[in-house]
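Take a look at the structure below.
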Amino acid sequence: MVPKEIRRMSHSKAEASPKRRVFSEEFKQDAVRLVVSEKYSFAAAAKAVGIGEQSLRRWHARLAPKPEPCGENASLDELRAENQRLRRELRRAEMEREILKKATAYFAKESQ
């Protein structure tokens with residue numbers, strides 16, 4: 001049998017659980033602007049506005065403007081930077097594809 005004091009403590013903790021916070025689109029855009037325009041790191045921007053870093057990363061992926069491709073008159077440095085960015089995106093897409101392949105195989109095997 002659980003002592004009364006412990007039951008009371010666990011009960012009060014359950015009641016004190018934080019509710020999920022909801023943020024406006026304007027707030028999310030302002031937080032993303034800190035990373036995009038003001039060149040804050042994700043960690044610094046998240047701390048500045050009082051949110052989790054992963055939330056800010058999700059908002060950034062959804063709300064940040066996509067980088068413009070280099071034009072025909074781009075300098076060698078601009079082309080290198082774009083090439084580096086594209087390689088990073090490709091690595092991420094390949095990694096996500098591999099994860100999805102494994103998940104698909106796992107769930108297909110599990111459902112049989």
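Need one word for segment 20-65: rounded, prolate or oblate. Basis is the Cα gyration tensor (sqrt eigenvalues a ≥ b ≥ c); a/c below 1.5 gives rounded, then a/b vs b/c decides. Let's see the in-between values first.
On the way: a/c = 1.56, a/b = 1.17, b/c = 1.33.
Judged from the Cα gyration tensor, segment 20-65 comes out oblate (a/c at least 1.5, b/c at or above a/b).
Between rounded, prolate and oblate, where does segment 71-112 land on the alpha carbon gyration tensor, with a ≥ b ≥ c its root eigenvalues, rounded for a/c under 1.5, else prolate if a/b exceeds b/c? Walk me through the numbers before you get to the answer.
Details: a/c = 10.75, a/b = 5.56, b/c = 1.93.
In terms of gyration-tensor shape, prolate.
Can you tell me which of 75-85, 39-49 comes out highest on packing, and rank the rest after it, using the mean Cβ neighbours within 10 Å? Can you show the working numbers first?
Values: 75-85: 11.0, 39-49: 14.6.
Peptide ranking by packing, descending: 39-49, 75-85.
Read-outs throughout are calculated quantities, based only on the coordinates presented, and are distinct from any laboratory measurement. Small disclaimer: the values here were computed from a predicted structure and weren't measured. Here the Cβ is made from the backbone with ideal geometry for all residues, glycine too, and neighbour counts use every protein chain on show.
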